[in-house]
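First up is the structure itself, then whatever we jot down about it.
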Amino acid sequence: MIVVELRKLFRRPRTWVTIGLLCLLPAIVAAFLASTRITPPPGQGAAFLSAVLESGSLYPAAALALVLPIFLPVAVAVVAGDAVAGESTAGTLRYLLVRPVRRTALLGAKLVSVIVFVVVTVAAVAGSSYVVGVTLFGAGDPIAVVNAIPQIGGPGGGGSSSSSGSSSSGGTANGPAAAAPAAPGASPPAAGTPGTGTSTGLDPTEARDRAADSVSSLSGAPLSPGDLALRLLGAMGYITISMLGVGAIAFFLSTATASALGATLGALAALITSQVLVTLDAAASVTPYLPTRYWLAWIDFFRDPIFLRDIRSGVLVQLAYVLVLMVASWANFTTKDVAA
């Protein structure tokens with residue numbers, strides 16, 4: 001049953017068109033950056049976008065920041081919203097259930113197909129962006145990369161774990177714009193300055209030796225290619241879990257209605273409402289439980305040390321949504337009258 005659902009998903013041209021469009025957006029942005037050599041000013045634009053001219057190895061992180069707020073959730077909502085409601089709209093759901101297949105098994109197979117779609121899409125965006133970034137910008141000059149991303153203020157490098165509301169919304173001061181590294185070409189902090197992440201009295205030769213074959217974390221510490229790869233994998237895993245929360249909302253609505261479009265729009269409406277409430281001080285009491293509250297906590301994987309508080313909170317929130325909504329989806333689907 002799972003194999004059947006996966007074949008059905010990946011034989012649809014719209015699945016590959018969706019993945020292709022998500023990969024195309026970062027490629028277009030990279031082409032403009034490479035041709036103009038103009039990056040957003042410090043504190044503006046998607047996270048990491050102002051540092052990619054110095055290191056193409058960081059472009060997968062910038063690409064994920066580009067697609068996460070809007071495009072990736074829309075794609076996941078469309079696929080998950082169509083999982084059950086699409087069969088009902090096409091009139092094929094009743095024929096699926098005529099076969100000796102338990103409803104629970106069918107629901108589980110469709111859930112697996114949604115999970116696989118999310119994993120494949122995130123991996124495709126990150127992988128294609130890495131190839132594009134390294135091709136257009138190179139691996140990065142060691143000295144320039146070490147000084148391109150100064151340490152963010154706050155305990156342990158600051159960031160989302162050191163202030164409330166951070167890593168929560170692009171419209172707040174602590175969102176991805178605030179977490180974005182300084183623009184390449186900005187004056188590097190003086191050697192020996194506390195909190196810069198550079199060694200006291202570090203001359204250019206020592207800096208080059210220390211940063212060879214590495215890029216810099218948001219806190220200024222050099223990252224080896226292996227360390228950067230592990231942090232990217234962590235960010236990809238976290239984003240995948242976050243998108244499963246989106247999928248769970250759309251999946252539940254897909255079992256509650258016969259309209260795939262209605263399920264998709266309902267999920268998007270829920271996410272937009274969550275984003276609005278996240279930026280509203282009056283909703284502070286419910287903000288920690290909103291599905292989009294910790295979406296941007298993946299940026300903390302690129303700090304040194306890694307800030308785990310918001311990452312843990314985000315994982316727990318998304319798993320709670322997935323668990324509750326999947327139980328509700330099962331209850332809906334197993335009692336659904338598909339003969340009507």
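Every number in this text was worked out from the coordinates using simple rules, so none of it is lab data. It should be emphasised that the depicted structure is a prediction, and the values quoted were computed from it without experimental measurement. As a convention, Cβ positions derive from the backbone with ideal geometry for all residues, glycine included, and neighbour counts pool all protein chains shown.
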*In Å and from the alpha-carbon atoms only, list the Rg and Dmax of the stretch 278-340.*
16.7, 57
*Going by how many other beta carbons lie within 10 Å of each one, how would you line up 76, 67, fewest first?*
67, 76
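Show me the ranking of peptides 280-288, 48-56 by mean Cβ neighbours inside 10 Å, starting with the highest.
Details: 280-288: 11.4, 48-56: 26.2.
Top to bottom by mean Cβ count within 10 Å: 48-56, 280-288.
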_Compute the orientation-averaged projected area for the stretch 1-65 from the convex hull of its Cα atoms and round it to one decimal in nm²._
5.7
*Order of 326, 1 - criterion: other Cβ atoms within 10 Å of each residue's Cβ, fewest first*: 1, 326
*Pair residue 309, residue 37: separation of 7 Å Cα→Cβ label points (nm)*: 4.2
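Just want the ordering: 306, 38, 299, 311, from fewest to most Cβ atoms lying within 10 Å of their own Cβ.
Working: 306 16, 38 10, 299 28, 311 23.
Ascending number of Cβ neighbours within 10 Å: 38, 306, 311, 299.
When the Kirkwood hydrodynamic radius is evaluated over all pairs of different C-alpha atoms of the stretch 247-320, what value in angstrom, to one decimal, is obtained?
Values: mean 1/r = 0.0732 Å⁻¹.
Computed over the stretch 247-320, the radius equals 13.7 Å.
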*What ³J(HN,Hα) values, in whole Hz, does the Karplus curve 6.51 cos²θ - 1.76 cosθ + 1.60 give for the stretch 278-288 when θ = phi - 60°, with x put for Gly and Pro?*
4, 8, 9, 4, 5, 9, 4, 5, 9, 3, x
